[in-house]
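Note sheet for the following structure.
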């Protein structure tokens, strides 16, 4: 039987630190971020379906979100200001990401490939992509709030930018999440009822 390294490489998400240009009170790993985005994306899909009549598959969206940044295992986390500095750099990074995703998929046995390719390659509808992008932004905002609660002013500008981006999203499930769940993030464990 062949030795396939897909899960071995995937397990290295815990070694990739995010926010490389920022001074953090606590490192956030790609593994943590991916789990947070999956949980938030799932919640957004459930809220959209339950409260706003959307027809999301919350489980599918959670899986897509879990793999949304898996290429960073091979590319590292390129800081946002660098990634989006100009169109040329953005396109070049997208090409590198696509190549990294192809490399990851090459580490799977052929019979499992059809199950993982849509997840790794982020093959999703526009609506699903919007939910995952919103969850990604909310996760980043939560990191900013965590840093602020620890007295770190390094994340103030990032927090303001993320709030502005999230507020401009025309997605009722996002606004609902922001109003109902985000405020509790600033509570201590003893304050949670």
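Nothing in this text is a laboratory measurement; each read-out follows from the coordinates by a stated rule. Note that the structure is predicted; figures quoted are calculated from it, not measured. Quick reminder, even Gly has a Cβ in these numbers, built from the backbone with ideal geometry, and neighbours come from all protein chains shown.
Tabulated data for the structure shown
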| item | result |
| --- | --- |
| Flag if residue 40 is in contact (Cβ under 8 Å) with a residue 60 or more places away in the chain, surrounded by 20 or more Cβ atoms within 10 Å (Cβ to Cβ) and within 14 Å of the chain's Cα centre (by Cα) | yes |
| Lone qualifier among 73, 61 - being within 14 Å of residue 37 (Cβ to Cβ), part of a helix (DSSP H, G or I) and in contact (Cβ under 8 Å) with a residue 12 or more places away in the chain | 61 |
| Count of residues meeting criterion [within 16 Å of residue 40 (Cα to Cα), surrounded by fewer than 19 Cβ atoms within 10 Å (Cβ to Cβ) and within 16 Å of the chain's Cα centre (by Cα)] in the range 164-191 | 0 |
| Flag if residue 34 is surrounded by fewer than 18 Cβ atoms within 10 Å (Cβ to Cβ) and within 23 Å of residue 185 (Cα to Cα) | no |
| Residues within the range 1-54 that are touching a helix residue (DSSP H, G or I) at 6+ places or on another chain (Cβ under 8 Å), farther than 22 Å from residue 178 by Cα and in a loop (DSSP other than H, G, I, E, B), tallied | 9 |
| Residue, surrounded by the fewest Cβ atoms within 10 Å (Cβ to Cβ), within the range 126-141, restricted to residues that are out of contact with any helix residue (DSSP H, G or I) (no Cβ under 6 Å at 6 or more places or on another chain) and closer than 26 Å to residue 31 by Cβ | 129 |
| Residues (in a loop (DSSP other than H, G, I, E, B), within 17 Å of the chain's Cα centre (by Cα) and surrounded by 13 or more Cβ atoms within 10 Å (Cβ to Cβ)) located in the range 76-114 | 76, 77, 78, 79 |
| Any hit, the range 85-92, residues being closer than 21 Å to residue 38 by Cα, without any contact (Cβ under 8 Å) to a residue 24 or more places away in the chain and out of contact with any strand residue (DSSP E or B) (no Cβ under 6 Å at 6 or more places or on another chain) | no |
| Selected residue (criterion: farthest from residue 66 (Cα to Cα)) from residues of the range 122-136 that are free of Cβ contacts under 8 Å to residues at least 24 places away in the same chain and in a helix (DSSP H, G or I) | 126 |
